[in-house]
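First the structure, in the form of C-alpha cells, and then the observations on it.
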Amino acid sequence: MRIIHIIPSAFEYFNDIRSQAFKLLGGLHKLGVETEAFTLQYNQPSKSMKAEVTEDSSSVHNYAGNINLDNLAEHFSGFDIAHLHCPFLGMARKIIDWKKLHPNFPLVVTYYRDVRFEDIFSIFIKLYNAYYLPKIFTLASVVVCYNFESFRKTAGLRSLHDKSSLAILDEIELGEEGESLKPTELVAAKTLAVYNSILRA
C-alpha cells in the first residue's frame, strides 16, 4: 500500500499538525505502509524544519518539501490513497479540481482542530478553511477525527454534510493486537484500518 500525504506547513500556524502527521507516517511505516509526503508552504523547507520532520518521522520514504502541484495527477500516480491533513492553507482549488477529475481515487481527510486566532493573517486562514473545507469534505472518501467529543465542538463538524463519511479513531476497535501498542502506533494501526476499509469498498 502506498499513501501520499499532503501536510500543512504554512509559516508557523500548523506546527502541531505537521508534527502529528509525520509521527503518523512513522507509525504507518512500521506497519509496512509506504508513505511519501509533501508540505503546503510558500518557500522551500528550512534546515530546522527538515530536522523537525526527521525527528518526528525518520522513516518517511520521501519528503518532497515544497513541490509544484500544477499536475496533481502526475504526483499522485502510483499511490493507492491521498491523505490530506487539515486545516491547511494553499492548493485547495487544485485538490478539488483533481478530485473531481479522479472521483474514484480515494481521498482521506484528517481534521485535527480549528484554526487558532493568533494574528490578522490567521483570520484569513480561518476564512480560507471555512470556504474550502465543506467542498473537500464532500469529495472525501472518509473524514477522520481522533475523538468525536472534540470534533463536534469544531468547524469541522459544521463542514461535514455527510456524517456517514466520518471515521472516529478512538471508536475503531483493533482487538487484542491493539492493546500493547504505544499511542502513536495505535493511531497508525487505526488509520491503516481506515485505509483498508476504503480499498475493500
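The values are calculated or read from the model by the stated rules, or taken from the named source; none is laboratory data. All figures in this text were calculated on a predicted structure; none of them were measured in a lab. FYI the Cβ positions are ideal-geometry reconstructions off the backbone, even for glycines, and counts take in every protein chain you see. To get the accessible areas, we keep the full protein, side chains included, count just its heavy atoms, and leave off ligands, DNA and RNA. Shrake-Rupley method; radii C 1.70, N 1.55, O 1.52, S 1.80 Å.
Which residue is nearest to residue 77 (Cα to Cα), if the candidates are limited to the stretch 1-32 and must be at pLDDT below 90 and open to solvent by 60 Å² or more (accessible area, probe 1.4 Å)? Result: 11. Listed by position, the helices (runs of 4 or more DSSP H) enclosed by the stretch 97-201 that each have at least 1 residues that are of a type in the set (A, V, I, L, M, F, W, C) and free of Cβ contacts under 8 Å to residues at least 12 places away in the same chain are 120-139, 155-159. Just to be sure, is residue 107 in contact with an Asp or Glu (Cβ under 8 Å, 6 or more places away or on another chain), closer than 19 Å to residue 3 by Cα and of a type in the set (A, V, I, L, M)? In short, no. For the stretch 142-177, filtering for residues that are open to solvent by less than 50 Å² (accessible area, probe 1.4 Å) and of a type in the set (Ser, Thr, Tyr) leaves 3. Residues considered: 181, 192. Of these, the only one that is at pLDDT below 95 and surrounded by 15 or more Cβ atoms within 10 Å (Cβ to Cβ) is 181. Scanning the stretch 81-96 for residues that are open to solvent by 60 Å² or more (accessible area, probe 1.4 Å) and either among the polar types (S, T, N, Q) or in contact (Cβ under 8 Å) with a residue 60 or more places away in the chain (or both) gives a single hit, 91.
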